[in-house]
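Below is one structure, written out as structure tokens; comments come after it.
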Amino acid sequence: MKKLTLTLITCILTLGLACTFAGCGGAYDAAHTITVGASQTPHAEILHEIKDDLRAQGYDLVIRIFDDYIEPNTALEEGSLDANYFQHTPYLDGFNREHHTHLAAVGKIHYEPFGVYGKNVTAADYAAAKTGRTILVPNDGSNFTRALFVLRDEGFITLADGVTAEDTLTVQDIEDAHGNTVSPVQAETVAPILAESPDGSLAVINGNYALQAGLNSTDALAFENAQGDAAQLYANVIAVKEGNEESEKTKVLLAALKTQKVYDFITENYHGAVLPVFTV
């Protein structure tokens, strides 16, 4: 009896492991599984909206969550992802140059205006005091550049003549900080560091990290100007490894995202903190 019981337990465990790896619905089918790396908010949330649509077309969408801007590109280059969704093209181009990767943007989905947030800073105080601030900004090349232009437009700094939003700026391009201290830190740490900073501190925060930190668009003291070129230049894209731009998986994924359903989901759920940039 003990031997029979042990045999039954072994069979049950074996079947359980098989279900874990095969999904209890048959063998894993790599040809019809699309694995996408994404930031939790809003990217993974948007992707979740198309899982059923892809399933109806015979594809299983697997979403892998990343909380930084390095690993999802590394994983895509190494081949463990079919695509990723978390970045804009200037960041992707800079990453390719720096890391010698071979990744390509294939479709623009949404735009997240940078927001300026404060630690116990009222709108009146923000408007009145443009000097003596400690201002946190993301330190990666394109987002650092983008943050500097926000600060310039808001009157906190002056940039050197001739620089453009498509340049990769450094602190040396700040011609006059007007008594403010611009402090570059890793993008994912900007919001947590602001929360621990002295009252009166400011931060320019990426849209997805602001959402993850529980910050709403109504909390922002100012937003990046969403008119003109910014929305297209900094649109978040689906990226794939070079050579897969026209693959069936890429086409199916993009078609599922660029729909009225996704357009409405973005506009109804993020209240201006995330804006669709595709047309339907």
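The values are calculated or read from the model by the stated rules, or taken from the named source; none is laboratory data. Bear in mind the structure is a predicted one, so any value in this text is a computation, not a measurement. All Cβ positions, glycine included, derive from the backbone under ideal geometry; neighbour counts span all protein chains shown.
The figures follow:
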{"read-out": "Any pair with Cβ under 7 angstrom, 6 or more apart, that starts in the stretch 143-154 at a residue that is small (Gly, Ala, Ser) and ends at one that is crowded, with 21+ Cβ neighbours inside 10 Å", "value": "Ala147/Phe114; Ala147/Val137; Ala147/Pro138; Ala147/Val204"}
{"read-out": "In the stretch 11-39, the residues that are within 30 Å of the chain's Cα centre (by Cα), surrounded by fewer than 16 Cβ atoms within 10 Å (Cβ to Cβ) and at pLDDT 50 or above", "value": "Tyr28, Asp29, Ala30, Ala31, His32, Thr33"}
{"read-out": "Selected residue [small (Gly, Ala, Ser), assigned by TED's automatic domain parsing to the domain that holds Ala256 and over 29 Å from Ala187 (Cβ atoms)] from Ala56, Ala38, Ala75, Ala44", "value": "Ala56"}
{"read-out": "Checking Val163 against (1) modelled with pLDDT of 95 or more; (2) β-branched (Val, Ile, Thr); (3) surrounded by 15 or more Cβ atoms within 10 Å (Cβ to Cβ); (4) part of a loop (DSSP other than H, G, I, E, B), the condition it does not meet", "value": "(1)"}
{"read-out": "Val185, sole failed condition from (1) crowded, with 17+ Cβ neighbours inside 10 Å; (2) more than 26 Å from Asp60 (Cβ to Cβ); (3) under 20 Å from the mean Cα position of the chain (by Cα); (4) modelled with pLDDT of 95 or more", "value": "(1)"}
{"read-out": "Hits in the stretch 102-118 - residues which are crowded, with 17+ Cβ neighbours inside 10 Å and part of a loop (DSSP other than H, G, I, E, B)", "value": "Glu112, Pro113, Phe114"}
{"read-out": "Matching strands (runs of 3 or more DSSP E) fully within the stretch 167-257 where at least 2 residues are touching a residue at least 40 places away in the same chain (Cβ under 8 Å)", "value": "181-185, 202-205, 236-241"}
{"read-out": "Single residue of Ser197, Ser217, Ser142 found to be of a type outside the set (A, V, I, L, M) and touching a Phe, Trp or Tyr at 6+ places or on another chain (Cβ under 6 Å)", "value": "Ser142"}
{"read-out": "Criterion (assigned by TED's automatic domain parsing to the domain that holds Glu71, over 17 Å from Val36 (Cβ atoms) and of a type in the set (Gly, Ala, Ser)) met by exactly one of Gly207, Gly272, Gly214", "value": "Gly272"}
{"read-out": "Unmet criterion (only one of (1) in contact with a Leu (Cβ under 6 Å, 6 or more places away or on another chain); (2) under 30 Å from Val171 (Cβ atoms)) for Phe223", "value": "(1)"}
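Conditions tested, residue by residue: (1) touching a Leu at 6+ places or on another chain (Cβ under 9 Å); (2) surrounded by 14 or more Cβ atoms within 10 Å (Cβ to Cβ); (3) among the aromatic types (Phe, Trp, Tyr).
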site: Leu194; (1), (2), (3): yes, yes, no
site: Pro198; (1), (2), (3): no, no, no
site: Asn236; (1), (2), (3): no, yes, no
site: Thr259; (1), (2), (3): no, yes, no
site: Val262; (1), (2), (3): no, yes, no
site: Tyr270; (1), (2), (3): yes, yes, yes
site: Ala273; (1), (2), (3): yes, yes, no
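Conditions (1) within 26 Å of Lys130 (Cα to Cα); (2) modelled with pLDDT under 95, marked per residue:
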position	(1), (2)
Ala210	yes, yes
Gln232	no, yes
Lys249	no, no
Leu257	no, no
Asp264	no, no
Gly272	yes, yes
